[in-house]
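The values are calculated or read from the model by the stated rules, or taken from the named source; none is laboratory data. Fair warning: this is a prediction, and the values are worked out from it, not measured in the lab. All Cβ positions, even for glycine, are placed from backbone atoms using ideal geometry, and neighbour counts span all protein chains on display.
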């Protein structure tokens, strides 16, 4: 049985408390990658309510590229970084997973988010624990189910992300319909 550490390379985020902030405007400015950004990347939509916290620093920090697989050690969710979040600084609460040629990025995110075998491993590790944060060691030691051929992985990954986006668009449309209906009802009251 393959472990995740045998299939991907792990790049931990920059420790936030070690970043030395500067007011020098010649220093590069970075936006922190947060949970709302990850949720937005999962459905390929704009993050609503991203705090967009920024920092200026001359320090070498870890940033994300479009297409990176990012895993949140807080929520246990993973996503593919979208174009809007490229260059964002990620902290020690996130891990970038660099997939090799044996596993497709979208399929990897699908596995980590949806596979019952992987969910069971996470639950077993968290049983009786008050800590609501996953550890890098836990993620590295995850046992993976047998992987389908890479072309099938790509199809599954594409369908998964397409379905998440479709679901989000349906929710957004339903919310807009409710708002329109409420507005019409308010107008009816005031006639």
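For residue 99, are the conditions met, namely being at pLDDT 95 or above and touching a strand residue (DSSP E or B) at 6+ places or on another chain (Cβ under 6 Å)? Can you show your working first?
Values: at pLDDT 95 or above: no; touching a strand residue (DSSP E or B) at 6+ places or on another chain (Cβ under 6 Å): yes.
Against the criterion (at pLDDT 95 or above and touching a strand residue (DSSP E or B) at 6+ places or on another chain (Cβ under 6 Å)), residue 99 does not qualify.
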Looking at 52, 67, 76 in this structure, which one is at pLDDT below 90 and surrounded by fewer than 20 Cβ atoms within 10 Å (Cβ to Cβ)? 52
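Please pick out the residue among 183, 167 that is modelled with pLDDT under 95 and closer than 30 Å to residue 102 by Cβ. Outline the logic, then answer.
Numbers: 183 fails: closer than 30 Å to residue 102 by Cβ.
On inspection, the qualifying residue turns out to be 167.
In segment 127-135, is there at least one residue being in contact (Cβ under 8 Å) with a residue 40 or more places away in the chain and either over 17 Å from residue 113 (Cα atoms) or touching a strand residue (DSSP E or B) at 6+ places or on another chain (Cβ under 9 Å) (or both)? Walk me through how you get there before you give the answer.
First, the residues of segment 127-135 that are in contact (Cβ under 8 Å) with a residue 40 or more places away in the chain: 132-135.
Pick out the ones that are also either over 17 Å from residue 113 (Cα atoms) or touching a strand residue (DSSP E or B) at 6+ places or on another chain (Cβ under 9 Å) (or both) and you get 134.
Yes, the conditions are met somewhere in segment 127-135.
Among the residues of segment 55-84, what is the count of those that are at negative phi and not in a strand (DSSP E or B)?
Of the residues in segment 55-84, 18 are at negative phi and not in a strand (DSSP E or B).
Going by what's in this entry, would residue 156 be described as surrounded by 14 or more Cβ atoms within 10 Å (Cβ to Cβ) and farther than 30 Å from residue 20 by Cβ? Even if it seems obvious, please write down each step before you answer.
Working: surrounded by 14 or more Cβ atoms within 10 Å (Cβ to Cβ): yes; farther than 30 Å from residue 20 by Cβ: yes.
Here the answer is yes, as residue 156 does meet what is asked.
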Mind checking whether some residue in segment 106-125 is surrounded by fewer than 16 Cβ atoms within 10 Å (Cβ to Cβ) and part of a loop (DSSP other than H, G, I, E, B)? yes
Within segment 26-47, of all residues that are out of contact with any helix residue (DSSP H, G or I) (no Cβ under 7 Å at 6 or more places or on another chain) and part of a loop (DSSP other than H, G, I, E, B), the one nearest to residue 111 (Cα to Cα) is 34
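Answer yes if at least one residue in segment 167-175 is within 26 Å of residue 12 (Cβ to Cβ), without any contact (Cβ under 8 Å) to a residue 12 or more places away in the chain and assigned to a helix (DSSP H, G or I), and no otherwise. Break it down stepwise before answering.
Let us first name the residues in segment 167-175 that are within 26 Å of residue 12 (Cβ to Cβ), namely none.
Within segment 167-175, not a single residue is within 26 Å of residue 12 (Cβ to Cβ), without any contact (Cβ under 8 Å) to a residue 12 or more places away in the chain and assigned to a helix (DSSP H, G or I).
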Candidate set from segment 84-104 (those that are farther than 23 Å from residue 30 by Cβ and in contact with a helix residue (DSSP H, G or I) (Cβ under 7 Å, 6 or more places away or on another chain)); member that is surrounded by the fewest Cβ atoms within 10 Å (Cβ to Cβ): 100
Output the residues belonging to segment 1-44 that are out of contact with any strand residue (DSSP E or B) (no Cβ under 8 Å at 6 or more places or on another chain) and surrounded by fewer than 18 Cβ atoms within 10 Å (Cβ to Cβ). 5, 6, 17, 18, 20, 26, 36, 44
What about residue 87, is it closer than 18 Å to residue 112 by Cβ, part of a loop (DSSP other than H, G, I, E, B) and free of Cβ contacts under 8 Å to residues at least 60 places away in the same chain? no
